[in-house]
Each structure stands twice: as structure tokens, then as C-alpha cells.
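Encoded as C-alpha cells, the structure appears first; notes follow it.
The values are calculated or read from the model by the stated rules, or taken from the named source; none is laboratory data. Only a predicted model underlies this, so the values are computations on that prediction, with no experimental measurement involved. In this analysis, Cβ positions are derived from the backbone assuming ideal geometry, glycine residues included, and neighbour counts consider all displayed protein chains.
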């Protein structure tokens, strides 16, 4: 079985979209794949409750308990490796990972970013797109490299920026597209493994 480990820091809406797609499209049969675990760096992450409701193993590796990024990443890797992952999927995981961690999962570590990369890496993407006067915005699924929000692009979705849009309104439209393209990109990658 190809195990998928999902890392979350917050509410887990992208994680939930992935879990729904895995169930709806029967990834267990089609790709011999399953969401094996959800791991969070925050004990209060809503994604942990969603995982528990779905009967998915969940765990917390609280970054505040570690004195360095390297020690946190080492503990996180141990938790991930316990599930023998084929893929490690970042779904709103709000930690910058060390180069050693990224190298450990090279080619198997995915992220979704709320912009049309390479535009607007980092935070506050929706406000930055509005301030730049962009006509379109969107989301990108990419393989993670040691460079922040950089790496081979697997999928993108474009969302128009409407007159009078606020960052919150734009964010909501982009998130709807994230929920569509992330599971699709994962499924396409699973088909090649």
C-alpha cells in the first residue's frame, strides 16, 4: 500500500479535500494508496479533529518543544517514517523545513501554495496580488525543494481578480480551486509510483 502522510498546521480543509477524493475515487483500489496519517506541529490544529473523525491516525509533533529547526525536523521525520510514506503532503503546514528534511523526501514531498508560482512566494499572497494590480491569481501544487515555494509545478488553477475584491474574498475563491487541484495532482502522481 502506498501510504500518504499529510502535514497540517490549521483547519485542514485541503487535507479534508484529499481524504474525500481518496474515498470518492477509491484510491485504495485504483492506486493501492491510502491516507495513512495526519501529523500537525500544533496541538490545537482543527485538521487533527477532522482526521480523528475519519478514523485516520493522527499525531502532534509540537515545534515549540524543540530548540532548533533541525531537532524539530528530525522528530517530525521519525513520526512520518513510522508510516512508511510513499508521499508526504503539506496541506497548510506552516513551517519552513530544513534542507536535510526536504532532501530526505525528495520527489515525494508536495505542497500547495496560494498563488500562481513563481509569483508571490511566501505569505500574504492574496493581498500582494491585489496590491500589484494583477488581473488573475490562483494556486499551485508543486514538489518541495529547499528553496521556499519553488520546485517542479504539478498543477495550477487560475482565479480572476474581480473589481473590489478583498483579500478574504479572493482567498475564498482560490481555496475552492485548491480543493480541486490538490487531490487531482496527488492522484496523477500516485498513478506513476
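Here are the numbers:
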read-out: Matching residues, the range 77-104, being free of Cβ contacts under 8 Å to residues at least 60 places away in the same chain and closer than 26 Å to residue 44 by Cα; value: 77, 78, 79, 81, 82, 96, 97, 98, 101, 102
read-out: Number of the exception - residue 117 against (1) more than 17 Å from residue 10 (Cα to Cα); (2) at pLDDT below 95; value: (2)
read-out: Test: residue in the range 81-89 that is within 29 Å of residue 32 (Cα to Cα), surrounded by 22 or more Cβ atoms within 10 Å (Cβ to Cβ) and more than 15 Å from the chain's Cα centre (by Cα); value: no
read-out: Residues located in the range 130-147, provided they are over 14 Å from the mean Cα position of the chain (by Cα), surrounded by 13 or more Cβ atoms within 10 Å (Cβ to Cβ) and not in a loop (DSSP other than H, G, I, E, B); value: 130, 137, 138
read-out: Matching option when the condition is in contact (Cβ under 8 Å) with a residue 24 or more places away in the chain, touching a helix residue (DSSP H, G or I) at 6+ places or on another chain (Cβ under 6 Å), within 16 Å of residue 55 (Cβ to Cβ) and part of a helix (DSSP H, G or I), among 16, 22; value: 16
read-out: In the range 148-165, residue nearest to residue 112 (Cα to Cα) [restricted to those that are surrounded by fewer than 17 Cβ atoms within 10 Å (Cβ to Cβ), touching a helix residue (DSSP H, G or I) at 6+ places or on another chain (Cβ under 9 Å) and in contact (Cβ under 8 Å) with a residue 24 or more places away in the chain]; value: 158
read-out: Selected residue (only one of 42, 69, 30 is closer than 21 Å to residue 182 by Cβ and surrounded by 13 or more Cβ atoms within 10 Å (Cβ to Cβ)); value: 42
